[in-house]
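The structure appears right after this line, and notes come after that.
The values are calculated or read from the model by the stated rules, or taken from the named source; none is laboratory data. Keep in mind that what you see is a predicted model, and the values were worked out from it rather than measured. With ideal geometry, Cβ positions are generated from the backbone for all residues, glycine too; neighbour counts draw on all protein chains shown. When the accessible area is computed, the model is the full protein with side chains, heavy atoms only, and any ligands, DNA or RNA have been set aside. Shrake-Rupley method; radii C 1.70, N 1.55, O 1.52, S 1.80 Å.
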Amino acid sequence: MTRKNVLVFRDLPDDQLARLRAAHEVTVADPRTLPDVFNAALPTTHGLIGASHPVDAALLDAAPRLEVISSISVGVDNYPLAELNARGIVLCHTPGVLTETVADTVFVLLMATQRRVVELANLVRDGQWKSSVGEDLFGYDVHGKTLGILGFGRIGQAVARRAALGFGMPVLYHSRRAVDLATQAPELQGRATHAPLDALLAQSDIVLAMLPLSDATRGMIDAKFFARMKPGAAFINVGRGATVDEAALLAALDQGSLRAAGLDVFAKEPLPLDSPLRTHPRVTPLPHIGSATHETRHAMAALATTNLLQALAGEQPTAAYDTAAG
Ligand code: DGY
């Protein structure tokens, strides 16, 4: 088989690099730290593999031999889908292998937000635990509360299983179409209900956004959205930060209608130091760690490597993204 040129633009585990090197010529260059090496490699690159680096038409112009981009992520918002489709460049991603880990992260954040875990741990660390905690430091229950989920794909359903089966939470979900629970998630029958957005927002104690970023979802979670939420409810975002109007989120927190927010994603990442979300007393911020466990990041790297090797060999990749569908 012809050896092709692969450009690795984010850390890849050694065993996956070895798989690539066995078949192809490999350059490793993170554009944040080695922009010159990265740019110099583009004109001869056939395959790109990495994550968290926006790809635009100018980058594609600089890489005229590019056949495939293999993203080590499930989200594809860093890629110009129509451009890739028009140029016949295959895009691959890593669905499936991160589902349970991201659902765990949702629960970590949801419970930390309801029970004020980070705030109270900091109180102990700061030497401020001087008497048994009073009402002003009480949290709110998780079990039995109504959870509203926006986006009910694999991860949304994995969250719903934890919520409904583990914590006795009634689950409402909103997605373009109702999911056929009988065939796709029978254990959620009678426990998760498809609801119009208005009803979900009005009835949920905790609203969880799991939305991909697209033209349709950018800024969708705005002042009107927060105004329709049940007063005193909490908001959790583990999808993409830019689906939220962050100024509206802050206003809802400051006006008191929104009690708390747990955020793993932000419009700009890393979160700028001057963002009020970084230090807001009722925000629990995480540094985009949805899938960040040793096991899952390795599984994502392995799937992305497999996808790349398959595409460069002219085979159908295990997880190609349909760029025509947008
Ligand atoms: C994903 O896989 O899309 C995660 O959000 C990490 O970017």
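About its Cα centre, the dipole of segment 253-308 is roughly 80 debye, where the only charges are +1 on Lys and Arg Cβ and -1 on Asp and Glu Cβ. When only the Cβ of Lys, Arg, Asp and Glu is charged (+1, +1, -1, -1), the dipole of the chain relative to its Cα centre reaches about 440 debye. Accessible surface of Phe9, taken over heavy atoms with a 1.4 Å probe and every protein chain present, rounds to 0 Å². Taking +1 at the Cβ of each Lys and Arg and -1 at the Cβ of each Asp and Glu, which of Gln114, Phe226, Ala248 sits farthest along the dipole of the chain towards its positive end, judged by Cα position relative to the Cα centre? So the residue furthest toward the plus end is Gln114. The listed residues Arg3, Arg116, once ranked by accessible area (1.4 Å probe) with the largest placed first, stand as Arg3, Arg116. The helix-based estimate of mean residue ellipticity at 222 nm for the chain, built from -39,500 (n - 2.57) per DSSP H run of four or more residues and divided by its residue count, is -9500 deg cm²/dmol to the nearest 500. If you wrap segment 99-285 in the convex hull of its Cα atoms and look at it from every side, the mean projected area works out to 11.0 nm². Of the beta bridges DSSP finds with both residues in the chain, what % are antiparallel, to the nearest 5? So the antiparallel bridges in the chain amount to around 5 percent.
Which one of Asp141, Asp126, Asp77 has the biggest mean-square fluctuation once the chain is modelled by GNM with Cα springs under 10 Å? The residue with the greatest mean-square fluctuation here is Asp126.
Each Cα pair under 8 Å and six or more residues apart adds its separation to the average, and for the chain the resulting relative contact order is 19 percent. Solvent exposure of Thr105, expressed as accessible area, is near 10 Å², computed with a probe of 1.4 Å over the protein chains only. Rounded if a/c is under 1.5, else prolate if a/b is larger than b/c, else oblate: which is the chain, with a ≥ b ≥ c the root eigenvalues of its Cα gyration tensor? In terms of gyration-tensor shape, prolate. Under 5 Å between amide hydrogens, built in the peptide plane, is the criterion, and for Leu172 it picks out Leu147, Gly148, Ile149, Thr193 among residues at least 5 positions away or on other chains.
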